[in-house]
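Below: one structure, written as structure tokens.
The values are calculated or read from the model by the stated rules, or taken from the named source; none is laboratory data. Note that this is a predicted model, so its numbers are computed, not measured. With ideal geometry, Cβ positions are generated from the backbone for all residues, glycine too; neighbour counts draw on all protein chains shown. Note: areas computed on protein heavy atoms with side chains; ligands, DNA, RNA excluded. Shrake-Rupley method; radii C 1.70, N 1.55, O 1.52, S 1.80 Å.
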Amino acid sequence: MNSLSPPPLLCLTAVSRRFKTGDALISVLDNISLSIKAGEMVAIVGPSGSGKSTLMNILGCLDTPSSGHYQVDGQDVEQLNSDQRAGLRRERFGFIFQRYHLIPSLSVRENIEIPARYAHQSRQLRLDHARRLLDRLGMQGYEDRNVRRLSGGQQQRVSIARALINGGEVILADEPTGALDSRSGSEVMQLLQSLHQQGHTVIIITHDAKVADYAERIIHLADGKIVSDLPNDGDSDNKITEKSPQQFVTTSHYCANNRGWRTRWHEYQDAFGSAGRSLAAHRLRSCLTLLGIVIGIVSVVSLNAAGAGARQYVLDTLSSLGGNVVTLYPGKGYGDDQAASIHSLRDRDLSVLAQQRWITAATPNVSTNLRIRRQRTDINATVNGVSAEFMAIGNMNLLQGRSLLPRDITQQSSVVVVGESLKDKLFPRGSNPLGEIILVGTLPAKIVGVARSGSLSGGNTLNLWLPWSTATSRLLGQDWFDSIAVSLPESVSAETAKSTINRMLTRLHGRQDFYMLDSAAFVNSVEKTSFALSLFLSLIALISLLVGGIGVMNIMLVSVSERTRETGIRMAVGARRWDIQRQFLTEAVLLCLSGALVGVTLSLVLGISLSWLIHPWQLIFSLPAILTAVGCAVLVGVISGWLPAWQAAKLDPAEALTRE
Ligand code: ADP
Ligand code: MG
């Protein structure tokens, strides 16, 4: 090569392009060698089907040759990966298509800005450039117009602006006037020619000799081969010989990767903004998909809150039973078969326990079911033999009269305290029960008090309490207890109490023939059960969220295939794979995130209204649970958006562009 002439900007060496259609391999470009210098204006002419568009795709790095080499500015294109080729398209090429290939959902300015966005230009810079280009192209004031409302000539000018926003060093125009009337066509050609004068390399593909005449060099293509490559020295009036200095090609606008946080923030804002707009474009579809996520989130949040509320309810009820109580039972442990025949808890145990200063109170319990009779009423009730302290230990309220007294125990008195429900049965007309005599089994006893049990079941079952001494000797004829309840002050933990009692009584009995349960252990078991329950509920809720996620994935897949051409356009103007992926991912995440927000709001409303209806059982919403649910929704968005995004990103740009 002559050292004086500049090296070619674009250089094809023996390039062929073959396509596989079914079993056949058709050769569209055959052994093409061609070099184009910077600043040339070239027309590639040929009949329809001769391979012009295929050649342009290769020149514009939208497609790669099947064989042969293509160099851009000395760089082998075959050695570049798809993102590097996207970089070349973004930074050096500008495409103009016969059908404009604008994105219809975007405004004029947004269409022009696309390549600049992918080049990470700051918002302000982009805006300035777009405005300046529109001014130059005679379209000032059209920035915010919808591109669908423009005439063909205007749309083509918008696409020229888009080709120029990143510099547009090489303009590739495929039949730029093909869809235009002759006046707009010649306007576009004059524009291209003035770009050429300003130093851009312009390559025009056409089947129209009049269009080709604007170029200074004409290459004829037929059946994938170059048949002639000649300077255009025809006597055209279009010829401009004098070149003015380059104006459009400014120093590169595209910036490096170390862009500031503000630019990045704007990028995310833009990404969410455009995702929102494309979701809004299919409102009904988006809403239906959203519904799946909303249902999922409502079930996650509400089931969680209901679980937490139920647990709190049980715990509250338990704590109303009197906090720190240890209960001793005969036998080896909970569910011991022999327990009924083991009579290890007796009077002496009670006296030993009662002597301990660290024990607040101790009461034995013997209970049995007996008939209770008064006048013509005869009902079955639970009869409990207890000590004077049973009120405090059982967390009971005295409603009328008095409680049992220590002297009732020592004297084995025939006095009883009746439960509220039992009193209502025995005295249906509400007469005063105090001092009345009733028959407990066969024992006549005087009612001295009425009490309400604070326990869960105590409220509804029929209960009466009498001195344990009376119960054991005069009713049951037994000298052992069914259980002994020990109440402890706050300062003594159930664990230490249990181990001390265990030591004392084991020594007394000579072996361990009893076991203990404490309310804390019960609370623990409730917590364990409620944890298992809420895990189960969460699982169900997560499944519904998953179903919602599948809905999102489905709609995103549809969206990807509907927008194949848009994706092709974005790729042509320089989107990286990740840019495309991010676009679809953002949409999926936005869909799920809005579903989550609607879902959380709905759950709160639902929870508040339910709490009004079912009073004691409140739904408890916790911030961590809500945040977890929202986090899950975002995760579902990412997961369900991944496959569609990946499918979109692996599209072939040249092929995607031709899809309708
Ligand atoms: P032109 O732009 O000159 O009209 P094209 O380059 O578009 O011609 O196409 C040339 C030939 O290559 C056509 O016959 C077309 O059917 C074929 N062709 C182009 N692209 C493909 C493809 N992706 N797969 C199969 N055949 C293709
Ligand atoms: Mg074509």
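Go through the residues of the range 178-189 one by one and say whether even a single one is touching a Pro at 6+ places or on another chain (Cβ under 7 Å), farther than 30 Å from TYR268 by Cβ and of a type outside the set (Asp, Glu). The answer is yes, given that some residue of the range 178-189 is touching a Pro at 6+ places or on another chain (Cβ under 7 Å), farther than 30 Å from TYR268 by Cβ and of a type outside the set (Asp, Glu).
Scanning the range 620-660 for residues that are open to solvent by 70 Å² or more (accessible area, probe 1.4 Å) and under 19 Å from GLY307 (Cβ atoms) yields LEU623, PRO624, LEU627, THR628.
Here is a check on your reading of the model: is THR496 open to solvent by 60 Å² or more (accessible area, probe 1.4 Å) and within 33 Å of the chain's Cα centre (by Cα)? In short, no. Just one of the listed residues (ARG92, ARG109) is open to solvent by 10 Å² or more (accessible area, probe 1.4 Å) and over 21 Å from ASP135 (Cα atoms), and it is ARG92. Taken over the range 29-57, the criterion of being over 18 Å from LEU192 (Cβ atoms), away from ligand 2 (no atom under 13 Å from the Cβ) and buried (at least 21 other Cβ atoms within 10 Å of the Cβ) is satisfied by ILE32 alone. Check whether at least one residue in the range 383-401 is over 18 Å from THR327 (Cβ atoms), at pLDDT 90 or above and touching a Ser or Thr at 6+ places or on another chain (Cβ under 9 Å), and report yes or no. For the range 383-401, residues over 18 Å from THR327 (Cβ atoms), at pLDDT 90 or above and touching a Ser or Thr at 6+ places or on another chain (Cβ under 9 Å): present. The condition (being crowded, with 24+ Cβ neighbours inside 10 Å and away from ligand 2 (no atom under 16 Å from the Cβ)) is satisfied by just one residue among GLY199, GLY168, GLY152: GLY168.
Whenever a residue of the range 543-571 is under 21 Å from LEU651 (Cα atoms), its partners that are among the basic types (Lys, Arg), lying with C-beta atoms within less than 6 angstrom and at least six residues away or across chains, give the pairs THR564/ARG659; ARG565/ARG659. Among the residues making up the range 560-590, those that are touching a Pro at 6+ places or on another chain (Cβ under 7 Å) and either surrounded by fewer than 19 Cβ atoms within 10 Å (Cβ to Cβ) or not hydrophobic (A, V, I, L, M, F, W, C) (or both) are GLY568, GLY574. The residues on offer are LYS425, LYS332, and the sole one that is surrounded by 13 or more Cβ atoms within 10 Å (Cβ to Cβ), part of a helix (DSSP H, G or I) and in contact with a strand residue (DSSP E or B) (Cβ under 8 Å, 6 or more places away or on another chain) is LYS425.
Checked against (1) under 13 Å from THR363 (Cβ atoms); (2) surrounded by fewer than 17 Cβ atoms within 10 Å (Cβ to Cβ), ASN397 passes all but a single condition, namely (1).
Among (1) in a strand (DSSP E or B); (2) of a type outside the set (Gly, Ala, Ser); (3) free of Cβ contacts under 8 Å to residues at least 12 places away in the same chain, which single condition is GLN84 missing? Single failed check for GLN84: (1).
Checking each residue in the range 134-153 for being within 42 Å of the chain's Cα centre (by Cα) and either under 15 Å from GLU187 (Cβ atoms) or part of a helix (DSSP H, G or I) (or both) picks out LEU134, VAL147, ARG148, ARG149, LEU150.
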